[in-house]
Structures are given as structure tokens and as C-alpha cells.
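Trainee: Pasting in a structure now, in C-alpha cells, and then I'll have a few things to ask.
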Amino acid sequence: MIPQMSRRGKFVTFEGLDGTGKSTQLRKLAAVLRAAGHEVVETREPGGTLTGEKIRKVLLDSGTAGLSPLAEMALMFASRAQHIAEVIEPALARGGIVLCDRFTDSTEAYQGYGRRLGSEAVRELHRVLCGNLQPELTILLDSDAALCVSRARQRNKRDSKSSTRGHDENRFEQETRAFFTRVHDGYLAIAKREPGRVAIVDARGTPGQTHERIAELVRKKMRL
Ligand code: TYD
């Protein structure tokens, strides 16, 4: 039993390029925190709610042709606003720990930098649509950009072959190397601007090594 259950919970986000192993690391951290007796909610964006998962399908399916960058950004935020209302805020109000695979930093990196919509538009929308909700900690998994993207491409090819859902999640993987370089630059700029929130974790080692780094960070920064 954890004391002080009436206290607001903690919001932790995982960020990084496609194929950095975010989801694996999120699962591993969730297991450790649960074993220590915490209520943990694992979730992701775009998605995390029924409505959000429908939006995710539109956003990631490579059959979605000609989506404008602004429409793409608006859909990311539509999914997020629903996710905050339905999942994140209620869990934090219960005192839970929310581990979220991607959040607004993804929109700033991918749409702001990758699609060149700029940081200010993203940050303004975040204020209006997300009540400016900020994670206590953001774990930015950093690795070689080209390697990450080729890993993500392989995984998605494999997943769409075995998929019975009738859609793939390849739309972003089709982007150019220049796009992912801009996304990577975006992430580094965010980390530089907000060093108190964003911790860069080297993800080039084994999953076990990366997990150790993350667990240590969470212990230190969040006293969990
Ligand atoms: P995700 O499922 O986390 O992909 P991966 O496991 O390959 O990292 O995210 C799906 C894609 O959506 C990913 O290419 C990044 C993109 N994305 C944005 O462009 N903007 C956003 O705001 C979010 C949340 C994701």
C-alpha cells in the first residue's frame, strides 16, 4: 500500500525517433514501478482512447494520401485532448503514474521541425487544447537516426504482413532521411530548452543497459 494516495500522480513521457525502443523501455519501467506497488497506466499517442485509436489509424495508415501538415497537426492534438480528458488527468487525479509513449514533444519534433510548422504553433495549441499539461519527466531516447528509422521500417513491414487489421502504420516511415534529421534536431532543441524536464538517455546499448539508465534516472529525479 502506497501512503498519500490522495496526492496527484506523476506524468512521465517517452520520446525519440521511430525505432529507438521506446515501447520496450516503457513496458520495462512499468513492470518495475508496479512491482514497487505503484498504480501505473501505460498509454500511447496518437491513440490511448477509442477515439484516439481511430485517429491514429487515419494518421499512420500509408493509404492516407495528401494529408496537409496542418491537418496532421490538428489530428495529433485532437487525439491528445481526448486522451488527457479520458485517461491522463483521471489517472493523475487518482495518484497514479502515467507512462505515455509520445506526447506534445513529438508534435513539436515531427510537425514543428519535420514538417516545418514551427515550435510556436505547437506550443500555442498545447496551451489552448491541452491546458499546457507538462510531464514531470520526459525520457528522450537518443540513438543513431538512420539506424532507428531502418529498424522501424523493418518492424512495420513485418507487422503489416502479419496484420489482420487491414491497415499498416507506415506513413511516417516513408519520410526522407532529411525529415528525420530535422525531427532529431527538434528533439535536441527541446532538450536544450527544458533541461529540467527532458533527460536524454543513450539508447545505443542493449535494452537491458538502457533500462538500467532509465530506472536510475527515475529513482533520482522522481524519488520513486
Ligand atoms: P509510434 O507508434 O510511437 O511509432 P514508433 O513506435 O515507430 O516510434 O508513433 C507513430 C508515429 O507518429 C511516429 O512516426 C511519430 C508520429 N507522431 C507525430 O508525427 N506527431 C505526434 O504528435 C505523435 C504523437 C506521433
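The values are calculated or read from the model by the stated rules, or taken from the named source; none is laboratory data. These numbers were taken from a predicted model, which means no experiment stands behind them. Cβ coordinates were reconstructed from backbone atoms using ideal geometry, including for glycine residues, and neighbour counts include every protein chain displayed. Surface areas here come from the heavy atoms of the whole protein model, side chains and all, with no ligands, DNA or RNA. Shrake-Rupley method; radii C 1.70, N 1.55, O 1.52, S 1.80 Å.
Trainee: Residues S68, S62: which one is on the phi < 0 side of the Ramachandran plot and within 13 Å of the ligand (Cβ to nearest atom)? Steps first, please.
Mentor: Working: S68 fails: within 13 Å of the ligand (Cβ to nearest atom).
None of the other options fit; the residue is S62.
Trainee: Still on this structure: Quick check on region 9-16. Is at least one of its residues farther than 23 Å from E194 by Cβ and either in contact (Cβ under 8 Å) with a residue 60 or more places away in the chain or not small (G, A, S) (or both)? Explain how you work it out, then say what you get.
Mentor: Kept after step one, since they are farther than 23 Å from E194 by Cβ, are these residues of region 9-16: none.
Looking for residues that are farther than 23 Å from E194 by Cβ and either in contact (Cβ under 8 Å) with a residue 60 or more places away in the chain or not small (G, A, S) (or both), one finds none in region 9-16, hence no.
Trainee: When V149 is evaluated against the numbered criteria (1) within 21 Å of K57 (Cα to Cα); (2) part of a loop (DSSP other than H, G, I, E, B); (3) not basic (K, R), which criterion, by number, is the only one it fails?
Mentor: Only one criterion in (1) within 21 Å of K57 (Cα to Cα); (2) part of a loop (DSSP other than H, G, I, E, B); (3) not basic (K, R) is unmet by V149, namely (2).
Trainee: Among the residues in region 117-134, are any touching an Asp or Glu at 6+ places or on another chain (Cβ under 9 Å), within 17 Å of V201 (Cα to Cα), among the small types (G, A, S) and in a helix (DSSP H, G or I)?
Mentor: No, region 117-134 contains no residue that is touching an Asp or Glu at 6+ places or on another chain (Cβ under 9 Å), within 17 Å of V201 (Cα to Cα), among the small types (G, A, S) and in a helix (DSSP H, G or I).
Trainee: Which condition breaks for T51 when tested against (1) of a type outside the set (D, E, K, R); (2) open to solvent by less than 40 Å² (accessible area, probe 1.4 Å); (3) more than 14 Å from the ligand (Cβ to nearest atom)?
Mentor: (2)
Trainee: So, of the residues in region 88-114 that are out of contact with any helix residue (DSSP H, G or I) (no Cβ under 9 Å at 6 or more places or on another chain) and outside any helix (DSSP H, G or I), which turns out to be most open to solvent (accessible area, probe 1.4 Å)?
Mentor: R94
Trainee: Would you be able to tell me the number of residues in region 39-75 that are in contact with a Phe, Trp or Tyr (Cβ under 8 Å, 6 or more places away or on another chain) and under 18 Å from T13 (Cα atoms)?
Mentor: Our first condition is that a residue be in contact with a Phe, Trp or Tyr (Cβ under 8 Å, 6 or more places away or on another chain); within region 39-75, this holds for 45, 60.
Narrowing further to those that are under 18 Å from T13 (Cα atoms): 45.
Going through region 39-75 one residue at a time, the tally reaches 1.
Trainee: Can you pull out the residues in region 26-48 that are over 12 Å from the mean Cα position of the chain (by Cα), open to solvent by less than 50 Å² (accessible area, probe 1.4 Å) and within 19 Å of E136 (Cα to Cα)? Break it down stepwise before answering.
Mentor: Taking region 26-48 first, the residues over 12 Å from the mean Cα position of the chain (by Cα) are 27-41.
Retained after the next criterion (residues that are open to solvent by less than 50 Å² (accessible area, probe 1.4 Å)): 29-30, 33, 37-38, 40-41.
Matches in region 26-48: L29, A30, L33, H38, V40, V41.
Trainee: Pairs please, first residue from region 91-119 and within 15 Å of L129 (Cβ to Cβ) and hydroxyl-bearing (S, T, Y), second anywhere and assigned to a loop (DSSP other than H, G, I, E, B) and within 15 Å of the ligand (Cβ to nearest atom), Cβ atoms under 8 Å, 6+ apart in sequence or on different chains.
Mentor: S106/E45
Trainee: Could you identify the single residue in R102, R94, R127 that is within 9 Å of the ligand (Cβ to nearest atom) and either at pLDDT 95 or above or of a type in the set (A, V, I, L, M, F, W, C) (or both)? It would help to see each step written out before you state the result.
Mentor: On the way: R94 fails: within 9 Å of the ligand (Cβ to nearest atom); R127 fails: within 9 Å of the ligand (Cβ to nearest atom).
Answer to the selection: R102.
Trainee: When the residues of region 3-25 are narrowed to those that are at pLDDT 90 or above and within 12 Å of A93 (Cα to Cα), which ends up surrounded by the fewest Cβ atoms within 10 Å (Cβ to Cβ)?
Mentor: Only one residue fits best here, namely R8.
Trainee: Going by what's in this entry, would L141 be described as outside any helix (DSSP H, G or I), within 13 Å of the ligand (Cβ to nearest atom), modelled with pLDDT of 95 or more and not β-branched (V, I, T)?
Mentor: Judged against the criteria, L141 is a match.
Trainee: Of all residues being open to solvent by less than 30 Å² (accessible area, probe 1.4 Å) and farther than 25 Å from R123 by Cα in region 174-221, which is modelled with the lowest pLDDT? Just the residue, please. Lay out the reasoning, then the answer.
Mentor: Filtering region 174-221 down to residues open to solvent by less than 30 Å² (accessible area, probe 1.4 Å) leaves 179-180, 183, 186-187, 190-191, 197-199, 201, 203, 210-211, 214-215, 218.
Right, trim to farther than 25 Å from R123 by Cα and you get 203, 210-211, 214-215, 218.
Numbers: A203: 93, T210: 97, H211: 97, I214: 98, A215: 96, V218: 96.
Among them, the one singled out is A203.
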